[in-house]
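Have a look at the structure below before the remarks.
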Amino acid sequence: MTGLIVITRQVSPAINQCELTHLERQPIDLQRAQSQHQEYEEALRSLGGEVISLPPLPDLPDSVFVEDAAIVLDECAIITRPGADSRKPETESIAQVLSPHRNLFHIKPPATVDGGDVLVVDKTMFVGISSRSNQTALEQMQAILNPLGYEVRGVGVSGCLHLKSAVTQVGKQQLLVNPAWVRKDDFPGLEFVEVDPSEPYAANAVMIGDTVIYPTAFPKTRARLQEVGLKLILVDASELAKAEGAVTCCSIFLKRY
Ligand code: CIR
């Protein structure tokens, strides 16, 4: 895909101090996490993305998960206010990188939202109301985006960290979903591929054009995606999965103008 800029940030050496909500802490091998992250960046490049790989931030353990700091649309970008206090300072450098490319809006207290809770399909924005993202943020985003022609809808999420732990887009009108964590009825008019029930974390995938970047860890769900004809690039994302991060979390996409 040409004209696509992808922002990533290299893994922080402090990754072992990351936030955890639903997972037990396990040691993360920094070197392995870094090399898997490079493999992920290579997959993005192979699909035509111009990757801006930002330097690691030693004081911000979760800063590799750039997705949570901003929501980028064609018309503007919204700088978030992450739900975890340790993550609030991550937005400043992302705002600097985005400012030459988009008009920026900022989420203001007491609102909090993580980009991982935001799924945009055409002109509909689904916002997960979660432990990180609240109703006030939903209302602020409605005020910013309704005038731009977006419908912004709140969606219940339970059992996982973010909306996009439970549902991501894998085709033009097709979502990959774990129905244990979100209600399919909240996404009217869209089609679904369900994760294999033995792979609850399998619903997070990155779609670029007609290709999907997908973790190697979920062979049963992968087979379901291949059965419906989707083209996959597989990446091993197992180290950052221990930090409760998945493939969408590590990138921000923007079309170049
Ligand atoms: C956190 O708890 O904030 C990080 N350890 C993981 C964030 C993953 N981000 C995402 O799903 N968008």
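Quick notes
- Flagged links, alpha-carbon separation over 31 Å, of Lys108/Lys164; Lys164/Lys255; Lys88/Lys220; Lys184/Lys231; Lys184/Lys255: Lys88/Lys220
- Among the trypsin sites (Lys or Arg not before Pro) found in the stretch 212-257, those both in a DSSP coil and sparsely packed, with 11 or fewer other Cβ atoms within 10 Å of their Cβ, are Arg256.
- Size of the stretch 4-255 from its Cα atoms: along the principal axes, largest to smallest, the extents are 43, 41, 36 Å.
- Simple spin-label estimate for Asp210 and Asp29 in nanometres, 7 Å along Cα-Cβ: 3.7 nm
- Each of Arg153 and Gln135 was given a label point 7 Å from its Cα along the Cα-to-Cβ line. The distance between the two points is 1.9 nm.
- Peptides 245-252, 121-128, ordered by how many other C-beta atoms sit within 10 Å of their residues on average, highest first, read 245-252, 121-128.
- For Met125, the residues whose amide H sits under 5 Å from its own are Glu151, Val152, Arg153, ignoring neighbours fewer than 5 places away on the same chain, with H placed 1.01 Å from N.
- Available extension along the chain between Lys172 and Val120 is 17.6 nm, counting 0.36 nm per residue and deducting the alpha carbon span.
- Cα gyration tensor category, rounded, prolate or oblate, for the stretch 81-174 with a/c compared to 1.5: rounded
- Were the residues from Asp185 through Lys108 laid out at 0.36 nm apart, the gain over their Cα-Cα distance would be 24.7 nm.
- Linear extension gain, Ser46 paired with Ala84, 0.36 nm per residue minus alpha-carbon span: 10.4 nm
- Estimated FRET transfer efficiency (Glu39, Gln17; beta-carbon r; R0 25 Å; 0.05): 0.60
- Expected 222 nm ellipticity per residue - DSSP helices of 4 or more, -39500 (n - 2.57), all of the chain, to 500: -6000 deg cm²/dmol
The numbers here are math on the coordinates, done by the rules we state, and not lab data. The structure presented is a predicted model; accordingly, all values stated were derived computationally and were not measured. All Cβ positions, even for glycine, are placed from backbone atoms using ideal geometry, and neighbour counts span all protein chains on display.
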